Structure formats: structure tokens, C-alpha cells
Amino acid sequence: MAPTDTHDEVRMPFGKHKGVPLSDIPSDYILWGLETRTWRPDQLDLKKQMQLELAARLGIYVDRPVPQRPKLAWRGIYWEIIDAGLKAVTKRYHPDVDGHPRALENMKIVNDLRD
């Protein structure tokens, strides 16, 4: 089962996107929240759902719990996941590989995300 199937109803309980389903919140906001927020014990389920949502958007399906690591180490891991996802998308949609007429436009979007 894909992670998005299990948490489509999860809504952000605080902040700028309060009440909005996780699936409708921008990836950069989810990443920012995961990197900068200090999580209380009662919020760890939300943190896990945010991690799964971000992983699903990058095409990474996690079927085991995300290991707990020191707070400073997570920042590098998130960027590593995003970078791996962008590399995979780049390989898939590169104009030399993808014969679609909008391939160049798709690559511009990927390059903007990378910057």
C-alpha cells in the first residue's frame, strides 16, 4: 500500500496551513516543518505522516518505521532524499530521453526545483 493511501485525511493542526490536508500542503513547507520544528511526544504521529507524505511525493515508499536519528542529522537526510528524487526525475524527463513535446518545459521545472 502506498503511504498516501493511509493519510489522505490527516490535516495540519497548526500554522499557516492549519486544517489543510497534508496532500495539499507544498513540499517545501513540509520539509521546512520537519527541519525546524521541535516535536512534542504527542505530535510524533504527525511528524511520521509528514515524512511519509514527502517520501511519497518523491516516489520513495517506506514500509518500515523511519529510524530516529539525532536532530542535526535529519537536515542532511532530507536534502539527500530530495536530491535523489530530483536526479531520478531528471533522468526520466530529460529531453534526450523523453520524446514528449513538453520535455524541455518539464526539465525547466525540475531545474527550478533543484535551485
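Within the range 79-92, one or more residues are over 30 Å from residue 37 (Cβ atoms) and either at pLDDT 80 or above or not assigned by TED's automatic domain parsing to the domain that holds residue 50 (or both). Just give me the residues in the range 10-24 being among the β-branched types (Val, Ile, Thr) and within 14 Å of residue 47 (Cα to Cα), in sequence order. The one that is among the β-branched types (Val, Ile, Thr) and within 14 Å of residue 47 (Cα to Cα): 10.
The values are calculated or read from the model by the stated rules, or taken from the named source; none is laboratory data. Given the structure is predicted, the values throughout are model-derived calculations rather than measurements. Ideal geometry is used to build each Cβ from the backbone, glycine not excepted, and the neighbour counts take in all protein chains shown.
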